[in-house]
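Report on the following structure.
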Amino acid sequence: MRLGLHALGIGSGADRAVIDAVASAAEGHGFATLWAGEHVVMVDDLTSRYPYSDSGVIAVPAEADWLDPVIALSFAAAASSRIRLATGVLLLPEHNPVIVAKQAASLDRLSGGRLTLGIGVGWSREEFEALGVPFERRAARTAEYVAAMRTLWREDVASFHGEFVAFDAIRVNPKPVARQGLPVVIGGNSDAALARVAAWGDGWYGFNLGGVEEVRDRIGRLEKLCTEAGRDRAGLRLAVALAAPRVEDVGALAELGVDELVLVEAPPDTADAVPGWISALADEWKSAL
């Protein structure tokens, strides 16, 4: 099992020098992936319920800096050469899929084929309203956007005609490094999110899960959904972030088939403090992997 780090793009992780230092140090200490999430807008008086905490409230304050994840990961790519990069997650239905396909492929090419596109359907109605995107049927929109992007990555001259997106005989270059396109990993812990993974995803990013037993339950559900969909669950990449990760849980997670444990951590405020912080994280966790 690999170890990932979800630390870029928010607060201190939005500082250029800190991004450079985290990317370099994490790569040097053998971390597998750098993850960066997204919210295009935040709202002070939020009424939508945050699905990844018992309180229903997101821990990130509305006034915090929150970088665009593709841009943040572009800087991380420039400061590294081997560590993988992943959006965790990009809220795909809030974006134009043709533009996302081009941006993601561009980052993949510039990074030497290191990008995983983690996506989610979103949960904040207020955010969708601010962007002028319908909140309803966002899951169907997301599925169609992924199908359209895969067409663009696969075909030199691409056409697609759907309910939410349509184009005819267009060229969108560059293509991703891998001929099959970018891996698309789906975030979300609900049955509906797992059904999307089983139906058309390349993997799952479970976020802020309560512990090993919740991971076991969610993977069990995913396996059942894969069987119903005629897919082999073993072919999916599984990454999970726990609300309170423990070193002693690593073995059990590996037995469940988890490929990557993602540590969600806020980096230090200054770049000078990053190497020691990364070293301490590596010392704590790498011995268990």
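Does segment 245-255 include one or more residues that are under 24 Å from Ile10 (Cβ atoms), open to solvent by 40 Å² or more (accessible area, probe 1.4 Å) and at pLDDT 95 or above?
Initial filter on segment 245-255 (under 24 Å from Ile10 (Cβ atoms)): 245-246.
Now drop any that are not open to solvent by 40 Å² or more (accessible area, probe 1.4 Å), which leaves 245-246.
Right, trim to at pLDDT 95 or above and you get 245-246.
Yes, segment 245-255 contains a residue that is under 24 Å from Ile10 (Cβ atoms), open to solvent by 40 Å² or more (accessible area, probe 1.4 Å) and at pLDDT 95 or above.
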Problem - Pick from segment 169-185, criterion surrounded by fewer than 18 Cβ atoms within 10 Å (Cβ to Cβ) and not in a loop (DSSP other than H, G, I, E, B), ranking: farthest from the chain's Cα centre (by Cα) - result: Ala169
Completion exercise
For Asp108, the lone unmet condition from (1) in contact (Cβ under 8 Å) with a residue 24 or more places away in the chain; (2) more than 30 Å from Ala140 (Cβ to Cβ) is (2)
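Per-residue answers, yes or no, for (1) buried (at least 16 other Cβ atoms within 10 Å of the Cβ); (2) without any contact (Cβ under 8 Å) to a residue 60 or more places away in the chain; (3) closer than 28 Å to Ile99 by Cβ:
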| site | (1), (2), (3) |
| --- | --- |
| Gly187 | yes, no, yes |
| Trp200 | yes, yes, yes |
| Gly220 | no, yes, no |
| Glu228 | no, yes, no |
| Arg231 | yes, yes, no |
| Gly235 | no, yes, no |
| Val258 | yes, no, no |
| Leu281 | yes, no, no |
Handout entry: Test: Ala166 is open to solvent by less than 10 Å² (accessible area, probe 1.4 Å), of a type outside the set (Ser, Thr, Tyr) and over 22 Å from Thr33 (Cβ atoms)
Key = no
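Can you find even one residue in segment 234-250 that is in contact with a Lys or Arg (Cβ under 9 Å, 6 or more places away or on another chain) and in a helix (DSSP H, G or I)? Give the steps one after another, and end with the answer.
Just the residues of segment 234-250 that are in contact with a Lys or Arg (Cβ under 9 Å, 6 or more places away or on another chain), to begin with: 239-240.
Restricting the remaining residues to those that are in a helix (DSSP H, G or I) gives none.
Looking through segment 234-250, none of the residues is in contact with a Lys or Arg (Cβ under 9 Å, 6 or more places away or on another chain) and in a helix (DSSP H, G or I).
Table: residues versus (1) in a helix (DSSP H, G or I); (2) closer than 25 Å to Ala36 by Cβ.
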| position | (1), (2) |
| --- | --- |
| Ala193 | yes, yes |
| Ala198 | yes, no |
| Ile219 | yes, yes |
| Cys226 | yes, no |
| Val258 | no, yes |
| Pro267 | no, yes |
| Gly276 | yes, yes |
| Leu281 | yes, yes |
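Out of all the residues in segment 52-65, is one or more touching a helix residue (DSSP H, G or I) at 6+ places or on another chain (Cβ under 8 Å) and under 23 Å from Gln103 (Cα atoms)?
Taking segment 52-65 as the starting set, the residues that turn out to be touching a helix residue (DSSP H, G or I) at 6+ places or on another chain (Cβ under 8 Å) are 60, 64-65.
When the remaining residues are screened for being under 23 Å from Gln103 (Cα atoms), the result is 65.
Taking every residue of segment 52-65 in turn, at least one turns out to be touching a helix residue (DSSP H, G or I) at 6+ places or on another chain (Cβ under 8 Å) and under 23 Å from Gln103 (Cα atoms).
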Exercise for the section: For Ala158, state whether it is in contact with a strand residue (DSSP E or B) (Cβ under 9 Å, 6 or more places away or on another chain), of a type in the set (A, V, I, L, M), open to solvent by less than 40 Å² (accessible area, probe 1.4 Å) and over 24 Å from Leu85 (Cβ atoms). Expected result: yes
Completion exercise
Within segment 260-279, the residues that are under 21 Å from Phe207 (Cβ atoms), of a type in the set (A, V, I, L, M) and open to solvent by 10 Å² or more (accessible area, probe 1.4 Å) are Val264, Ala266
Exercise for the section: Can you tell me which residue within segment 85-104, out of those that are within 17 Å of Trp35 (Cα to Cα) and touching a residue at least 60 places away in the same chain (Cβ under 8 Å), is most open to solvent (accessible area, probe 1.4 Å)? Expected result: Val89
Practice task
Only one of these is assigned to a helix (DSSP H, G or I), at pLDDT 95 or above and either loosely packed, with under 15 Cβ neighbours inside 10 Å or on the phi > 0 side of the Ramachandran plot (or both): Ile71, Ile19. Name it.
Solution key: Ile71
Exercise for the section: Write out, first by first residue and then by second, each pair whose Cβ atoms fall under 7 Å of each other, whose residues are 6+ apart or on separate chains, and whose first residue, in segment 35-47, is charged (D, E, K, R) while the second is surrounded by 15 or more Cβ atoms within 10 Å (Cβ to Cβ) and outside any loop (DSSP other than H, G, I, E, B). Expected result: Glu38/Pro69; Glu38/Thr87; Glu38/Leu90; Glu38/Leu91
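Name the single residue that is most open to solvent (accessible area, probe 1.4 Å) among those in segment 22-56 being among the charged types (D, E, K, R) and part of a loop (DSSP other than H, G, I, E, B).
Asp54
Could you pull out the residue among Gly11, Gly4 that is crowded, with 24+ Cβ neighbours inside 10 Å and either closer than 24 Å to His95 by Cβ or modelled with pLDDT under 95 (or both)? Before you say what the answer is, go through the steps one by one.
Working: Gly11 fails: crowded, with 24+ Cβ neighbours inside 10 Å.
It is Gly4.
The values are calculated or read from the model by the stated rules, or taken from the named source; none is laboratory data. Quick caveat: nothing in here was measured; it's all calculated off a predicted structure. Don't worry about glycine lacking a Cβ; one is built from the backbone with ideal geometry, like all the others, and counts go over all protein chains shown. Quick note on the areas: whole protein, heavy atoms, side chains included, nothing else; ligands and nucleic acids left out. Shrake-Rupley method; radii C 1.70, N 1.55, O 1.52, S 1.80 Å.
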